[in-house]
Structures are given as C-alpha cells and as structure tokens.
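Structure first, then comments.
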Amino acid sequence: MVCGGFVCTKNALSALNVVYVMVGLLLIGVAAWGKWFGLVSSISVVAGVIGVGAFLLLVAFVGLCGALKHQQVLLFFYMVILFIVFVLQFSISCACLALNTDQQNKLLEVGWNKSEVTKKDVEKTLNCCGFSSVVYNSSCPAQCYTTPQTCDPCSSILQKYASEVLHFVGSIGLFFSFTEILGVWLTHKYRNLKDPRSNPGAFL
C-alpha cells in the first residue's frame, strides 16, 4: 500500500507516539537520576520535570491506543490535546528565542528570589555568592566563600549560560512543536480513512 494509505498513516502515527513515550520516560528518568545523585535538590524542579514527562506519557498512550484500535473518540481527544500543547509550546519556544539580555536578567532574578533551595544549589554548583552582589554576612555554600573577596556574584555567571540555554530550549521546543502539528495532521487524516479490513461500506 502506498504511503498515505490507512496502514502507512497508522504506522506513522504509532511511531510518533512511541517517540513521545521514549521522551516522557527520558524526562522522568533524568529527573529521578538528578534527585537521587543530589544534582538537583529542589523538589519543585524535579516534580515539574516528572509532571511534564508523565503528561507526555499519558498523551502518547492515548494516541497510541487510538492509532492501534482506530478509536474515533480517543483520536479526537488526542488531536485536540496535541493541538493545545502545540500552541503553548510554540509560543513559549518563540518567547525563549526572542528574549533580550535585560529580559533574561529580570527572569533570572525572579527565579533567584523564588526558591531558597534553588539559590543554594546555584551558588554551590557555580561557585558564586549572591545574585547581583556578594553578601558577606550571609551563609553561602560556595567553596569560594572561605575567602569572600574571590567570589563573584551569580548574575554574571548565569548570564553567560542563560542565552545559550534559552536558545537551546527554544530550538528544541520548536522542533517538537512541529512534530506535534505533524501528529495533529496525521490524526485528522487517519480518522477519516477506512479500515480496509472492515466492512467496505462502513466508515470508521
């Protein structure tokens, strides 16, 4: 059967959802690994990553079941959810790529002030103290704080990586957003195809 027919569309949609399952498992595994080895101590960060992975797994399983059984209701909900995720992810990815240096610095400062645990993680990992200036009467877990004069504020170090990270995240997000719109198109097409193994007069 030529590509574009029932079997080819079914296989393509199934393969796409298998990829989503693998990505979801990878996100959950990386978050659990980072927490287990103490690389990330913030519960909110770990929970957020695991939550995204679990949501992706759920959506992928809905799509996979709908594709294998040609189930119209599952395929419809899968298509709607995937389109909503596409709109959100495409918007966030474009925002990540469009942020200038001042906007990045404001976001970093908001994130810095939001969680004390994350702040300590950053100071320990990047060997810096404070955000815009070193506070000498504070408790800083960085190794350089034994001689505070050698410590740098974290904002200058974070800024070096922020642009690269945002561009990387934005690019990855754009790539996956296009796979999601591909999934929406495949699902819409697949829903309107007849199963050649069923009654030729029936439209599933």
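No value in this document is a laboratory result; all are computed from the given coordinates. The structure presented is a predicted model; accordingly, all values stated were derived computationally and were not measured.
Show which lysines lie in cross-link reach of residue 189 when reach means a straight Cα distance below 21 angstrom and same-chain residues fewer than eight apart are skipped.
Partners within reach: 10, 69.
What number results when the radius of gyration of the chain, computed over Cα atoms, is divided by 2.2 N^0.38 Å?
1.38
Taking a cut-off of 24 Å, what percent of all Cα-Cα pairs in the stretch 83-177 are separated by more than that?
The calculated P(r) of the stretch 83-177 puts 33 percent of pairs beyond 24 Å.
So what is the 222 nm mean residue ellipticity for the chain from helices alone, if each DSSP H run of at least 4 adds -39500 (n - 2.57) and you divide by all residues, rounding to the nearest 500 deg cm²/dmol?
The helix contribution divided over the chain gives -25500 deg cm²/dmol.
Please report, largest first and rounded to whole Å, the three semi-axes of the ellipsoid equivalent to the stretch 70-126, where each semi-axis is the square root of five times an eigenvalue of the C-alpha gyration tensor.
Calculated on Cα positions only, the semi-axes equal 37, 17, 8 Å.
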